[in-house]
Amino acid sequence: MEELKAELKTKIIEALNLEEVTVDEIEDQAPLFGDGLGLDSIDALELTVLLDKDYGIKVTDPKIGKTIFQSIETLATYISENRTK
Amino acid sequence: MKKVYLGAYNCVSPIGNNLTETWNALVKGKSGAKQVTITGMEADICAALVGEDELNGYFNKLLREENLYTSTGFTKLEKLMIAALIPVIKTVTITQETTFIVSTTKGNIAYCEPEEKGSTAASLPALAQKIGDFFGFKRPPIIISNACVSGLQAISTAKRLIQMNYCTDAVIVAGDLVSEFVLSGFKSFQALSDRACIPYDEARQGLNLGEAAAAIHVTGQQLQNHPFSIAGEASINDANHISGPSRTGEGLKRSIVSALAEAKLEPNSIDFICAHGTATIYNDEMEAIAIHRSGLADKPIHSLKGYFGHTLGAAGLLESIISLECLRHNLLLPSLGYQKQGTSLPLAVIKALSEQPLKRCLKTASGFAGTNTAVLFERELY
Amino acid sequence: MEQLYQISRHCRMDTQGVYRNGEQISVEASPDFASFSKSLYYSLGTSYPKFFKMDNLSKLAWLGAELLLKDEQTTNIAIVLSNRHSSLDTDLKHLATISDNEQYYPSPAIFVYTLPNVCIGEIAIRHNLQTENIFFVSEQFDSQLAVNYSNYLLNTKRAEKVLCGWVDYLQENYKLVLYLVEKTGILAHNLDVVRQLTR
């Protein structure tokens, strides 16, 4: 799990071009959207692509997306339970 | 400021090869939306396409009838644009003072391969020049590519160019295709509906892409049998988000208020609104807020996306000429598919075809990058 | 009676260097646009993390606008931009994401930039410009159109100032010329001057 979280942080920084953010700065429970990392609607869509591409998870319902993308913690949990690759 | 008038206009759309066919299909409530599959994404969605075989047949027939012999090959988009332009050009004397305006977002992108780096296949100037040369325009074309307001903004730009004595008249063509390029992109935005789109409705779940071309003559001189003029217009940015519609509708509201101010008209003098209405959750909600804030909440309103889909750079012009036909026929077209209020603020969405005296129409469009345009069309009294 | 306007500030950016009002601004020597744009961004001292999410065309336009508008007070500035290659640089990147049916993952963050006018949106957001805007595409900068259109916006009081110019990017080839038109300035706003600036 810890490995997956670290991997996710690296991937998110790269996929979302968070140039000035380091892996250490992203806390597991901190909110990804809103005040947290300041992500927006395009980032949410990009995370959806990342889930599909890297973990074989298709998220089509925006409501599900909202709960999964709360924090690194929730994201990692969802991936570990639903990944197909 | 000089008054600017609208002359001949025409379109080629998913529901008709020309304006007459398209209008007849609209009055019958025909939708162009059909099931389409995006191969790579294994996704079924709905889009409004112009049949390639039918277009080819119609295009060749037009060229024969008009004695327009040519050895040049044309892409589907170019055929659409030329077919839309032919009846309009017949009414125009092209002089050194006639400007040719092309509105498109993606042009010939469907013919651009990623390997062909720097290829001219997708060049917008090359496309505009080719069409311009075919009809013998004497000045270099002006191309407007301002997202989904392009087609409508082309009309307001033509008006401005005439008012600033840049030209005496302008011919506009607006066109875009449904390509895998845009289908895959809008799909990745989760913006596409797998059913026919239903703007402003509670059950709306996204847009349908559509393809079309439309053309119009804009001039500083009032022409016989062409009773329409541009009373006011504006294009104001939301400065909010590059893809997410504004939550306050500020840019659209300011565009509408500016257009009304230029026309020296009160909101009450508008007879109906032909809005953008893409049928995405956030676009329609933004429009409802802007329309309320502009004092137009009680005005009959429709979106034509249920008939044509969202034809991108063509949409603003295509929907404008249909608005002019509504004024001409004194007919309000229903917003196809609409049943139940789906925006937080109520709109007077037109549910059934109805005949009533119409003099003024407000046409609006909004798009990526926070663009908005509002144009006020008016029937002149003789 | 038509009023005459002036150009108050102008800038130029291409592979030869960066100039503001004709004076060169030194930027760390860079092998490519990615590192060049980053150096220039940091040298301007504005903290704007969204800069790194932009495509190359928007980065170029954003940097140019920053050079001219960083300390600007008014927000009543219209934006009139143009280029030759539309959004082709990013269009090719989007096409690359859909060229293989086995690896078919179109990216929303790329696709959103496949319109040339998105760079206008980025400038408008940064400087809070809820104003008139348009994007033209042409083989060469159309000075006559630009001068006429800017004068029209000012004459009709649709804007107090106009940010006008050229912003083109395709595969490491780039050129930007931006200038601000208003009532007073350092250069006359006429066809000759605009042609000279955008050469």
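Suppose every Lys and Arg Cβ carries +1 and every Asp and Glu Cβ carries -1, with no other charges. What dipole size does the protein assembly as shown come out with about its Cα centre, to the nearest 20 debye?
On the way: 61 positive and 77 negative charges, 479 e Å.
Here the protein assembly as shown has a charge dipole of around 2300 debye.
If exposed GluC sites (Glu not before Pro) are those in a DSSP loop with at most 16 other Cβ within 10 Å, what is the longest stretch of chain B that has none?
Details: sites that count: B:Glu42, B:Glu66, B:Glu97, B:Glu115, B:Glu116, B:Glu202, B:Glu380.
Longest gap between qualifying sites, sites excluded: B:203-379.
Could you pull the Rg and Dmax for segment C:65-199, using just the Cα atoms, both in Å?
16.7, 58
Among the GluC sites (Glu not before Pro) within segment C:68-150, which fall in a DSSP loop and have no more than 15 other Cβ atoms within 10 Å of their own Cβ? Spell out each step's value before the answer.
Working: sites: C:Glu72, C:Glu102, C:Glu122, C:Glu132, C:Glu139; in loops: C:Glu72, C:Glu102, C:Glu139.
Of the GluC sites (Glu not before Pro), the ones in loops of segment C:68-150 whose Cβ has at most 15 other Cβ atoms within 10 Å are C:Glu102, C:Glu139.
Cα to Cα, under 20 Å, and not fewer than 8 places away if on the same chain: which aspartates and glutamates meet these conditions relative to B:Lys61?
B:Glu21, B:Glu52, B:Asp53, B:Glu78
What lysines sit close enough to C:Lys93 to cross-link, taking a C-alpha to C-alpha distance under 22 Å and skipping anything fewer than 8 places away on the same chain?
A:Lys11, A:Lys53, B:Lys106, B:Lys117, B:Lys187, C:Lys38, C:Lys50, C:Lys53, C:Lys59, C:Lys175
Can you tell me the alpha carbon radius of gyration of segment B:1-109 divided by the globular rule-of-thumb value 2.2 N^0.38 Å?
On the way: Rg = 16.7 Å, N = 109, 2.2 N^0.38 = 13.1 Å.
Scaled against compact globular proteins, the figure is 1.28.
B:Val349's amide H: which non-local residues (gap 5+, or another chain) put their own amide H closer than 5 Å, with H modeled 1.01 Å from N in plane and none for Pro or chain starts?
B:Ile301
Can you give the FRET efficiency to the nearest 0.05 for C:Asn190 and B:His329, using r as the Cβ-Cβ distance and R₀ = 51 Å?
On the way: r = 48 Å, r/R0 = 0.93.
Computed FRET efficiency for C:Asn190 and B:His329 comes out at 0.60.
How high is the relative contact order of chain B, given as a whole-number percent (alpha carbon pairs under 8 Å, six or more residues apart)?
Numbers: 948 pairs, mean separation 89.4, N = 382.
Relative CO of chain B lands at 23 percent.
With the crude spin-label approximation of a point 7 Å out along Cα→Cβ, what separation in nm comes out for A:Thr74 versus C:Gln73?
Using points 7 Å along Cα→Cβ, the separation is 4.6 nm.
Over chain C, calculate the relative contact order: mean separation of alpha carbon pairs under 8 Å at least 6 apart, over the residue count, as a percent.
34
Could you tell me which residue out of C:Tyr174, C:Pro106, C:Phe136 lies farthest along the dipole of segment C:82-199 toward its positive end? Charges go on the beta carbon: Lys and Arg +1, Asp and Glu -1, centred on the Cα centre.
Towards the positive end, the residue furthest out is C:Phe136.
From the C-alpha coordinates alone, can you work out the Kirkwood hydrodynamic radius of chain B, in Å? Before the final figure, lay out each step's value.
Details: mean 1/r = 0.0489 Å⁻¹.
Computed over Cα pairs of chain B, the Kirkwood hydrodynamic radius comes out at 20.4 Å.
Mind checking the log10 I(q)/I(0) for segment B:68-211 at q = 0.13, 0.18 Å⁻¹? Debye, one equal scatterer per Cα, no solvent, two decimals.
For the requested q values the scattering log ratios are -0.67, -1.09.
Hey, which aspartates and glutamates would be in cross-link range of B:Lys90, C-alpha to C-alpha under 12 Å, not counting anything within fewer than 8 residues on its own chain?
The qualifying aspartates and glutamates are B:Glu66.
Evaluated at 37 °C with a viscosity of 0.692 mPa s, what Stokes-Einstein diffusion coefficient in µm²/s does segment C:22-92 have when Rh comes from the Kirkwood expression over alpha-carbon pairs?
On the way: Rh = 13.8 Å.
It diffuses with D of about 238 µm²/s by this estimate.
Could you tell me the ratio Rg/Rh of segment B:60-144? Both radii from Cα atoms, Rh via Kirkwood.
On the way: Rg = 13.7 Å, Rh = 13.9 Å.
Computed over Cα atoms, the ratio is 0.98.
Could you give P(r) for chain A, binned at 5 Å from zero, as whole percent values over all Cα-Cα pairs?
Percent of pairs per bin, in order: 3, 14, 30, 30, 17, 5, 0.
Relative to the first principal axis of the alpha-carbon coordinates of chain C, what is the inclination of helix C:88-97, with its axis defined by its Cα atoms, in degrees from 0 to 90 and to the nearest 10?
Tilt of helix C:88-97: around 20 degrees.
How large is ³J(HN,Hα), in whole Hz, for each residue of segment C:6-20 in order, when computed from phi with the Karplus curve 6.51 cos²θ - 1.76 cosθ + 1.60 and θ = phi - 60°, using x for Gly and Pro?
10, 9, 8, 8, 8, 9, 9, 9, 8, 5, 7, x, 10, 10, 10
Loop-only trypsin sites (Lys or Arg not before Pro) in segment B:211-281, please: DSSP not H, G, I, E or B, and at most 11 other Cβ atoms within 10 Å. Walk me through the numbers on the way to the answer.
Details: sites: B:Arg247, B:Lys253, B:Arg254, B:Lys264; in loops: B:Arg247, B:Lys264.
Loop-located and lightly packed - B:Lys264.
Express the relative contact order of segment B:119-189 as a whole percentage, based on alpha carbon pairs under 8 Å and six or more residues apart in sequence. Present the calculation step by step, with values, prior to reporting the outcome.
Details: 23 pairs, mean separation 11.9, N = 71.
Dividing the mean separation by the residue count of segment B:119-189 yields 17 percent.
Taking the Cβ of each residue in B:Met81, B:Met164 as the centre, tally the other Cβ atoms inside 10 Å and list the residues starting with the fewest. Write down the numbers at each step before the final one.
Working: B:Met81 27, B:Met164 19.
So the residues, fewest neighbours to most, are B:Met164, B:Met81.
Grab the alpha carbons of the protein assembly as shown, take their convex hull, and tell me the volume per residue in Å³. Before the final figure, lay out each step's value.
Details: hull volume 101.4 nm³, N = 666.
Taking only Cα atoms, the protein assembly as shown has a hull volume of 152 Å³ per residue.
Quick check for me: using +1 on Lys/Arg Cβ and -1 on Asp/Glu Cβ, what's the dipole size of chain B about its Cα centre, in debye to the nearest 20? Display every interim value, and only then the final one.
Numbers: 34 positive and 36 negative charges, 166 e Å.
About 800 debye.
Let me know the volume per residue of the alpha-carbon convex hull for segment B:299-382, in Å³.
Working: hull volume 9.3 nm³, N = 84.
Considering the Cα atoms of segment B:299-382, their hull volume per residue is 110 Å³.
Hydropathy at least -0.5 by Kyte-Doolittle, axial extent at least 18 angstrom from the Cα trace: which helices of chain B, defined as entire DSSP H runs, fit? Intermediate results must be reported in sequence, preceding the final value.
On the way: long enough: B:52-65 (20 Å, -1.21); B:76-89 (19 Å, 1.55); B:150-163 (19 Å, 0.15); B:250-263 (20 Å, 0.31); B:281-293 (19 Å, -0.31); B:315-329 (21 Å, 0.79).
The answer, listed by residue number, is B:76-89, B:150-163, B:250-263, B:281-293, B:315-329.
Across 5 Å bins from the origin, how do the percents of Cα pairs in segment C:73-139 run, short distances first?
Taking all Cα pairs of segment C:73-139, the binned fractions are 4, 16, 21, 17, 15, 12, 8, 4, 2, 1, 0 percent.
For chain B, what is the calculated [θ] at 222 nm in deg cm²/dmol (nearest 500), taking -39500 (n - 2.57) for each run of four or more DSSP H residues and dividing by its residue count?
Values: 10 runs with 118 residues, N = 382.
Computed ellipticity for chain B at 222 nm equals -9500 deg cm²/dmol.
Starting from segment B:20-68, pick out the trypsin sites (Lys or Arg not before Pro) whose DSSP state is loop and whose Cβ has at most 16 other Cβ atoms within 10 Å.
Working: sites: B:Lys28, B:Lys30, B:Lys34, B:Lys61, B:Arg64; in loops: B:Lys28, B:Lys30.
Filter output for segment B:20-68: B:Lys28, B:Lys30.
Report the gain in length on full extension from B:Ser354 to B:Gln221: 0.36 nm times residue separation, minus Cα-Cα distance, nm rounded to one decimal. Let's see the in-between values first.
Values: separation 133, 0.36 × 133 = 47.88 nm, distance 3.21 nm.
So the chain would gain 44.7 nm between B:Ser354 and B:Gln221.
To the nearest 20 debye, what charge dipole does segment B:118-227 have about its Cα centre, counting +1 at the Cβ of each Lys and Arg and -1 at the Cβ of each Asp and Glu? Intermediate results must be reported in sequence, preceding the final value.
Working: 8 positive and 8 negative charges, 78 e Å.
Here segment B:118-227 has a charge dipole of around 380 debye.
If I take R0 = 41 Å and measure r between the Cβ atoms of B:Glu65 and B:Lys3 in this structure, what FRET efficiency does the formula 1/(1 + (r/R0)^6) give, to the nearest 0.05?
On the way: r = 35 Å, r/R0 = 0.85.
Computed FRET efficiency for B:Glu65 and B:Lys3: 0.75.
Roughly how far apart, in whole Å, are the Cα centres of segment B:317-362 and segment B:256-280?
Spelled out, the Cα-based centre of one part sits 12 Å from the other.
Looking at segment C:1-157, what % of its DSSP beta bridges pair antiparallel, to the nearest 5? Intermediate values should be presented prior to the final figure.
Numbers: 7 of 12 bridges.
So the antiparallel bridges amount to about 60 percent of the total.
No value in this document is a laboratory result; all are computed from the given coordinates. What you are looking at is a predicted structure, and each value in this text was computed from that prediction instead of being measured. Counting neighbours? That spans all protein chains shown, and the Cβs are built from the backbone with ideal geometry, glycine included.
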